[in-house]
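The values are calculated or read from the model by the stated rules, or taken from the named source; none is laboratory data. What you see is a predicted model, and the numbers here were worked out from it, not measured in a lab. Positions of Cβ are backbone-derived with ideal geometry, glycine not excepted, and every protein chain shown enters the neighbour counts. Remember, those area values only see protein heavy atoms, side chains included, never the ligands or the DNA or RNA. Shrake-Rupley method; radii C 1.70, N 1.55, O 1.52, S 1.80 Å.
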Amino acid sequence: MKTLFSLAERLAGPFLRISLGLVLLWIGSLHLDNPQSIVVLLSQSLPFLASSTFVYVLGALEVIAGVLLIAGLWVRFVGLLSLVLFAGTLTIFAIAPGVTGFPLLNLTGQFLLKDIVLASAAITVVAKDAAKHEAKRAQRAQLASRPGEQTIPLVNGESKQANASEPSEKTSSQPF
């Protein structure tokens, strides 16, 4: 069981990031293909945003965010953008509860409710990526703060710490 849990721990972050990216890519592609259904939803809830141009921009942002998440680029920042996109969708519950049928959700409300889970996924992706970068930063700071140590690159791309204050191994023969 320990091996299974270890595998799950290693796969959870990348799988969540990639799956969130795929969902954003899919949703954005649908918005670019047919913006009209979103324009209708916006006209009922946020009429000042109800235009095809806005939906095309939204779709393009979702596609770009999806591609960047899948590629693993700028993950923290793209995750925050995704969170803003999902929060925007979820405001429809507060602004226009009649559109969603809240608290007894109609089909539109059920469709929009998925964004709570997607927002949670975005928060988790942001937190995991930020923690990874913070751990790397702390490790670099710790290595840089050690006086007299230098990094020696190895053939396989890893590095080994060598302490300059320790005597090096002598190659010449000296009397004991």
Any chance Gly109 is touching a Gly at 6+ places or on another chain (Cβ under 7 Å) and under 17 Å from Ser45 (Cβ atoms): yes
Only one of (1) among the β-branched types (Val, Ile, Thr); (2) modelled with pLDDT under 95; (3) closer than 19 Å to Ser19 by Cβ is not met by Val155, so which one is it? (3)
When both residues are 6+ apart or on different chains and their Cβ atoms are under 7 Å apart, which pairs have a first residue that lies in the range 1-20 and is modelled with pLDDT of 95 or more, and a second that is of a type in the set (Val, Ile, Thr) and in a helix (DSSP H, G or I)? Leu16/Thr124; Leu16/Val125; Arg17/Val75; Arg17/Val125; Ile18/Ile70; Leu20/Val125
Does any residue of the range 5-20 turn out to be closer than 15 Å to Asp129 by Cβ, exposed (fewer than 15 other Cβ atoms within 10 Å of the Cβ), of a type in the set (Phe, Trp, Tyr) and within 20 Å of the chain's Cα centre (by Cα)? yes
Determine, yes or no, whether Val75 is β-branched (Val, Ile, Thr), closer than 25 Å to Leu107 by Cβ and open to solvent by less than 30 Å² (accessible area, probe 1.4 Å). no
Six or more apart or on different chains, Cβ atoms under 7 Å: show the pairs whose first residue is in the range 76-105 and touching a residue at least 24 places away in the same chain (Cβ under 8 Å) and whose second is of a type in the set (S, T, N, Q). Ile92/Ser45; Ile92/Thr100; Ile95/Ser45; Ala96/Gln44; Ala96/Ser45; Val99/Gln44; Val99/Ser45; Val99/Thr108
Give the range 38-53 a look and list any residue that's in a helix (DSSP H, G or I) and under 16 Å from Ile95 (Cβ atoms), or say none. Ile38, Val40, Leu41, Leu42, Ser43, Gln44, Ser45, Pro47, Phe48, Leu49
Among residues belonging to the range 54-65 that are closer than 14 Å to Gly88 by Cβ and within 20 Å of the chain's Cα centre (by Cα), point out the one that is most open to solvent (accessible area, probe 1.4 Å). Leu61
What is the one condition in (1) on the phi < 0 side of the Ramachandran plot; (2) of a type outside the set (S, T, N, Q); (3) touching a helix residue (DSSP H, G or I) at 6+ places or on another chain (Cβ under 8 Å); (4) open to solvent by 50 Å² or more (accessible area, probe 1.4 Å) that Leu90 does not satisfy? (4)
Filter the range 115-142 for residues that are out of contact with any Ser or Thr (no Cβ under 9 Å at 6 or more places or on another chain) and farther than 23 Å from Glu9 by Cβ; the one that is surrounded by the most Cβ atoms within 10 Å (Cβ to Cβ) is Ile116
Suppose we keep only residues that are surrounded by fewer than 20 Cβ atoms within 10 Å (Cβ to Cβ) and within 26 Å of the chain's Cα centre (by Cα) within the range 95-114. Which one would you say is nearest to Ser37 (Cα to Cα)? Phe111
From the options Val39, Val23, residue that is more than 25 Å from the chain's Cα centre (by Cα), within 18 Å of Leu85 (Cα to Cα) and surrounded by 11 or more Cβ atoms within 10 Å (Cβ to Cβ): Val39
